[in-house]
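Here's the structure we're looking at; comments come further down.
The values are calculated or read from the model by the stated rules, or taken from the named source; none is laboratory data. Small disclaimer: the values here were computed from a predicted structure and weren't measured. Note that each Cβ is placed from the backbone with ideal geometry, even for glycine, and that neighbours are counted across all protein chains shown. Keep in mind that these areas ignore ligands, DNA and RNA; they rest on the heavy atoms of the full protein, side chains included. Shrake-Rupley method; radii C 1.70, N 1.55, O 1.52, S 1.80 Å.
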Amino acid sequence: MFKKVIFLTVLIFSSAIFAQNFTKHTVAKGETITQIAQKYNVTPLDIYKNNPDAKNGLKIDELLLIPTTKIVAPTKAITKQILKRHEVLAKETVYGIAKQYGITVKDLYQANAGMETNGIKIGQLIVIPNLNGQKTTPTAAVKEPKIHEVVAKETKYSIAKEYNISLEQLEKWNPNLGDNLAVGQKIIVSKPAEKTNTTLAPQKSESNMVVADAKKKYDLLKSLKKSEKKKLALLLPFNISKIEADSLTTKADRLKKDGFLNMTLDFYAGALMAIDSAKVLGLNVDISIFDSQETKLGSNVANIVKQNDLKNFHAIIGPFYQSQADHVAEMVEENQVPVISPLSKEMGKSLTNMYNVTPSNEALKSGMINYLKQQKGNLIAVIDSKKTSIKDYISSNLEETKFSAFTEKNEVDIDKMKLLLSKEKTNFVIIASERTGLILNTMNTLIAYQPDYNIRLVILEPNPTLDYEEIPLAKLTKLKLTYPSLTKDFDTPATIAFDKSFRLKNKIAPNQYATRGFDVTFDTLLRLSQGISFEDSIIEQATDQVENRFDYSKKTSGGYVNKGVYILQYNTDLTISSAE
């Protein structure tokens, strides 16, 4: 088994803020731009801007000008704690970072002045407070009840959300808790941990989760059949032969820089968690793991299939590249061995035994359309002139939608927009544009009308423009942005249990690939243990695992594709939840 090598720099900061605009730094032997940036709480780009020659490499004893205007002191409540630094990556959100480190969004805002107003941007170095003053990431069992002191405008619901507990649990711990909370009131938000069964079983999901179709969700744990032994193969691209040829230094560099290898190791770590859970459940499954040695151009899957008689296995997970998964499926199609493509967004060839896990963009749009139909609200669409295909799609699937007019400057006509709004229904405003100006103009207009109208902002498919720092998070939450998602972007009992178990075993938080590895493997193991064929289980049973929903539909051309998506919304308390 491979283990990732992770280097965490733990820094202790004073409460002082440097008064001058720049400070000088003398480059020491072995220092890198990233290390220097972390030291001064700036981004590498900030250093390059003031030291353009540094792009050509650093020299020992070279003097660098480091801007200090960006060095922000932690708040007084945080300065005595041990802190870490996190560099913001593409598509990361404040919520996602908080979840990764096991803290709340409020904790991040308190530790990073200006974040709540300005948001975050790629490359930014932010403070991660360790509120317990400990080095361990996983939360240890609580020895004493944890007390929360109520502040202004807090509600039972917002407090339960902050501590990842249910409202019922909060009321159980505080039996005399009324609906109206008083500022300064102290309430219990956690109690000493009790021994529980650590088997990672899927939890019952929220009743208001909306999915792409009406297939009933099924708890596979209730119908396990363990009499007949099943065989499962995982074909994962470790490419061990390449790694073994590396020197120790090169191996370390590969682990740091090889994104594909890291993705594989993350998926593998999640799969191992699923296998452990299957053992606890006593499932009668033999599991074989093979190095597929794959790239975009080739693999060793043909030899693996032949040498290990995979034609007589009951299911195969992988390979990662769709072209290689197609190759495996072709070789075992005669025996109808299911081949599960776990990560690829491509549909590949029309093969009767191919199961594509990743929902398509069409599935996301379809899920959102179904949700809007169920809401029976007033539908308005603001569609950029470059998005004619989306306009046609809406016209075909939501015929009652009213389309907003534009001015000669290609901006939303504010006066005509108001005429489209309804006071009797919730107004769902669908927006499709990549123009920041148009999006902001529309949002400002809708917020201005909110005192008199119930308005929700909606997107049918992912829109990277909404992640830009120019789009304030506060405005998206005010309009309760509602969107389709491949995964749950919020905590449930299942995600919390998985996160805790994964951290304890791997000393790091699980990312999307680790969670996908668990979900795909565990779902497959459970379907193989149902007393019916894998295909029949796919046809009859939709499931929710830790973060992914599996709701397959048969393609007319052959094979199955997962259409399980979630409809989520931003909330004014800066959380994400299932859409109301």
Name the residues in the range 426-436 that are outside any loop (DSSP other than H, G, I, E, B) and of a type outside the set (Ser, Thr, Tyr), would you?
ASN427, PHE428, VAL429, ILE430, ILE431, ALA432
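For the range 399-416, which positions are in contact with a helix residue (DSSP H, G or I) (Cβ under 6 Å, 6 or more places away or on another chain) and at pLDDT 90 or above? Working first, answer last.
Just the residues of the range 399-416 that are in contact with a helix residue (DSSP H, G or I) (Cβ under 6 Å, 6 or more places away or on another chain), to begin with: 401-402, 404-405, 411-412, 414.
THR401, LYS402, SER404, ALA405, listed by residue number.
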Among the residues of the range 280-291, is there at least one that is part of a helix (DSSP H, G or I) and either touching a residue at least 40 places away in the same chain (Cβ under 8 Å) or of a type outside the set (Val, Ile, Thr) (or both)?
yes
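If you go through the range 326-347 one residue at a time, how many are open to solvent by 30 Å² or more (accessible area, probe 1.4 Å) and without any contact (Cβ under 8 Å) to a residue 40 or more places away in the chain? Explain how you work it out, then say what you get.
Of the residues in the range 326-347, the ones open to solvent by 30 Å² or more (accessible area, probe 1.4 Å) are 327, 330-331, 333-336, 343, 345-347.
Remaining after also requiring without any contact (Cβ under 8 Å) to a residue 40 or more places away in the chain: 327, 330-331, 333-335, 345-346.
The number of residues fulfilling the criteria is 8.
For the range 316-418, give me every one of the helices (runs of 4 or more DSSP H) that falls completely inside it and has 2 or more residues that are hydroxyl-bearing (Ser, Thr, Tyr). Before the answer, list the steps.
Values: elements: 322-332, 361-375, 388-397.
Counting at least 2 such residues, we get 361-375, 388-397.
Condition check ((1) assigned to a loop (DSSP other than H, G, I, E, B); (2) open to solvent by less than 30 Å² (accessible area, probe 1.4 Å)) across all residues:
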{"residue": "GLU424", "(1), (2)": "yes, no"}
{"residue": "LEU438", "(1), (2)": "no, yes"}
{"residue": "ASN441", "(1), (2)": "no, no"}
{"residue": "ILE447", "(1), (2)": "no, no"}
{"residue": "TYR453", "(1), (2)": "yes, no"}
{"residue": "ARG456", "(1), (2)": "no, yes"}
{"residue": "LEU460", "(1), (2)": "yes, yes"}
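In the range 291-300, is there at least one residue being of a type in the set (Asp, Glu) and open to solvent by 40 Å² or more (accessible area, probe 1.4 Å)? Talk me through it step by step, then tell me what you get.
Looking only at the range 291-300, we keep the residues that are of a type in the set (Asp, Glu), and these are 291, 294.
If we keep only those that are open to solvent by 40 Å² or more (accessible area, probe 1.4 Å) too, we end up with none.
Within the range 291-300, not a single residue is of a type in the set (Asp, Glu) and open to solvent by 40 Å² or more (accessible area, probe 1.4 Å).
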Report whether or not THR249 is at pLDDT below 90 and of a type in the set (S, T, N, Q).
yes
Looking at LYS242, LYS204, LYS216, LYS191 in this structure, which one is at pLDDT 75 or above and either over 24 Å from the mean Cα position of the chain (by Cα) or among the charged types (D, E, K, R) (or both)?
LYS242
Looking only at the range 85-118, and only at residues there that are at pLDDT 75 or above, assigned to a loop (DSSP other than H, G, I, E, B) and not aliphatic (A, V, I, L, M), the one that is surrounded by the most Cβ atoms within 10 Å (Cβ to Cβ):
ASN112
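Regarding the range 236-244, can at least one residue be identified that is open to solvent by 60 Å² or more (accessible area, probe 1.4 Å), assigned to a helix (DSSP H, G or I), at negative phi and among the hydroxyl-bearing types (Ser, Thr, Tyr)? Break it down stepwise before answering.
Initial filter on the range 236-244 (open to solvent by 60 Å² or more (accessible area, probe 1.4 Å)): 241-242, 244.
With assigned to a helix (DSSP H, G or I) added as a condition, the list becomes 241-242, 244.
Okay, now just the ones that are also at negative phi, so 241-242, 244.
Within this subset, residues satisfying the condition of being among the hydroxyl-bearing types (Ser, Thr, Tyr) are 241.
Checked against the condition, which is being open to solvent by 60 Å² or more (accessible area, probe 1.4 Å), assigned to a helix (DSSP H, G or I), at negative phi and among the hydroxyl-bearing types (Ser, Thr, Tyr), the range 236-244 yields at least one hit.
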Expected single match for within 13 Å of VAL382 (Cα to Cα) and touching a residue at least 12 places away in the same chain (Cβ under 8 Å) among ASN427, ASN444 is ASN427
Name the single residue that is modelled with the highest pLDDT among those in the range 23-53 being closer than 26 Å to ALA113 by Cβ, of a type in the set (Val, Ile, Thr) and outside any helix (DSSP H, G or I).
THR23
VAL357 vs. criteria open to solvent by less than 40 Å² (accessible area, probe 1.4 Å), under 21 Å from ILE304 (Cβ atoms) and over 21 Å from the mean Cα position of the chain (by Cα):
no
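Say whether the condition of being under 30 Å from PHE534 (Cα atoms), in contact (Cβ under 8 Å) with a residue 12 or more places away in the chain and either touching an Asp or Glu at 6+ places or on another chain (Cβ under 9 Å) or not polar (S, T, N, Q) (or both) is met by at least one residue in the range 242-253. Don't jump to the end; show me each part of the working.
Here is the first cut: in the range 242-253, the residues under 30 Å from PHE534 (Cα atoms) are none.
Within the range 242-253 (the criterion being under 30 Å from PHE534 (Cα atoms), in contact (Cβ under 8 Å) with a residue 12 or more places away in the chain and either touching an Asp or Glu at 6+ places or on another chain (Cβ under 9 Å) or not polar (S, T, N, Q) (or both)), the answer is no, since none of the residues qualifies.
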Looking only at residues that are open to solvent by less than 10 Å² (accessible area, probe 1.4 Å) and among the polar types (S, T, N, Q) in the range 522-540, which one is modelled with the highest pLDDT?
THR524
